[in-house]
Amino acid sequence: MKLPQLLAVAIKFADLGHCFKPFHLHKQWAERITDEFWALGDRERQLGIAVSPLCDRDKDSNVPESQIGFFRHICVPFYSIVADLIDPTMLPWLRVQENLHSWELENSALKDKLRATQQQQEASSARTVLIDALRPLSTDDAIGAPAPAPAPAPAPGAASSSAGGASGASSAGGASGASSAGGASGASSSRTGKQPMPRSGYGHI
């Protein structure tokens, strides 16, 4: 390998050096570069230009997943070649693999947390719908309910028949009253004990 190429590899090795630091230090650097990317994306949006990849804070919010892509496509290919040239057991190369595994674990834990949160929200929404369906009808609901339909009016023929029946009953009642009155008058005469007057004519000598 020529010297210029070797120097270029050394510069790149140092540029990506945070990826083989202990994970707690590497994670701090990853969070700082993520904030820098998001600030760049905000500025690009203000200027009305296309937002660069990994710079949209609304879409690129999963840092572990972003770091997994960074390791698999950049760090692992580069440091694997350097390890082959220098020493396959060199510490930077071993740390790169360890940090990639740590990001995979964090990504899995984050997805589990998001899934559990989504399930809780769905269960809460289902309980709310069930409670609303089972609650009794309130006064406000009753006021807003439509009024019952009025009863249908009777047919004209039915009204005439009812009137005729009432008239007949009244007439029958009157006749019955007259008959009762006559009977009462006869009974009154019988109770006085008076005999009827004889017809005029010659009596016996």
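Of (1) farther than 23 Å from I11 by Cα; (2) in contact with a Lys or Arg (Cβ under 9 Å, 6 or more places away or on another chain), F78 satisfies all except one. Which?
Answer for F78: the failing condition is (1).
Without any contact (Cβ under 8 Å) to a residue 60 or more places away in the chain and either touching a strand residue (DSSP E or B) at 6+ places or on another chain (Cβ under 9 Å) or surrounded by 12 or more Cβ atoms within 10 Å (Cβ to Cβ) (or both): is that true of D58 in this structure?
Numbers: without any contact (Cβ under 8 Å) to a residue 60 or more places away in the chain: yes; either touching a strand residue (DSSP E or B) at 6+ places or on another chain (Cβ under 9 Å) or surrounded by 12 or more Cβ atoms within 10 Å (Cβ to Cβ) (or both): no.
Spelling it out, it is not the case that D58 is without any contact (Cβ under 8 Å) to a residue 60 or more places away in the chain and either touching a strand residue (DSSP E or B) at 6+ places or on another chain (Cβ under 9 Å) or surrounded by 12 or more Cβ atoms within 10 Å (Cβ to Cβ) (or both).
Scan the stretch 13-21 and tell me whether some residue there is surrounded by 13 or more Cβ atoms within 10 Å (Cβ to Cβ), free of Cβ contacts under 8 Å to residues at least 12 places away in the same chain and out of contact with any strand residue (DSSP E or B) (no Cβ under 9 Å at 6 or more places or on another chain). Please lay out each step first, then the result.
Just the residues of the stretch 13-21 that are surrounded by 13 or more Cβ atoms within 10 Å (Cβ to Cβ), to begin with: 13, 16, 18-21.
Next, only the ones that are free of Cβ contacts under 8 Å to residues at least 12 places away in the same chain stay: none.
No, the conditions are met nowhere in the stretch 13-21.
Suppose we filter V76, V63, V51 for residues that are within 30 Å of K113 (Cβ to Cβ), touching an Asp or Glu at 6+ places or on another chain (Cβ under 6 Å) and either among the β-branched types (V, I, T) or loosely packed, with under 12 Cβ neighbours inside 10 Å (or both); which single one remains?
V51
Which members of the stretch 33-48 meet the condition of being of a type in the set (G, A, S) and either surrounded by fewer than 16 Cβ atoms within 10 Å (Cβ to Cβ) or on the phi > 0 side of the Ramachandran plot (or both)?
Applying the first criterion (of a type in the set (G, A, S)) to the stretch 33-48 yields 39, 41, 48.
A39, G48 - these are the residues of the stretch 33-48 that are of a type in the set (G, A, S) and either surrounded by fewer than 16 Cβ atoms within 10 Å (Cβ to Cβ) or on the phi > 0 side of the Ramachandran plot (or both).
Can you tell me which residues in the stretch 80-99 are without any contact (Cβ under 8 Å) to a residue 60 or more places away in the chain and closer than 22 Å to E31 by Cβ?
Q97
Got a sec? Which of L85, L25, L94 is on the phi < 0 side of the Ramachandran plot, more than 37 Å from the chain's Cα centre (by Cα) and modelled with pLDDT under 95?
Numbers: L25 fails: modelled with pLDDT under 95; L94 fails: modelled with pLDDT under 95.
Result: L85 is the single residue among L85, L25, L94 that is on the phi < 0 side of the Ramachandran plot, more than 37 Å from the chain's Cα centre (by Cα) and modelled with pLDDT under 95.
If a residue has to be of a type in the set (K, R) and closer than 18 Å to F70 by Cα to count, how many in the stretch 2-18 make the cut?
First, pick out the residues of the stretch 2-18 that are of a type in the set (K, R): 2, 12.
Next, from what is left, pick out any that are closer than 18 Å to F70 by Cα: 12.
Summing the residues that are of a type in the set (K, R) and closer than 18 Å to F70 by Cα in the stretch 2-18 gives 1.
The values are calculated or read from the model by the stated rules, or taken from the named source; none is laboratory data. Everything quoted here is computed from the prediction, not taken from an experiment. Cβ sites come from the backbone with ideal geometry, for glycine too, and all protein chains shown count toward neighbours.
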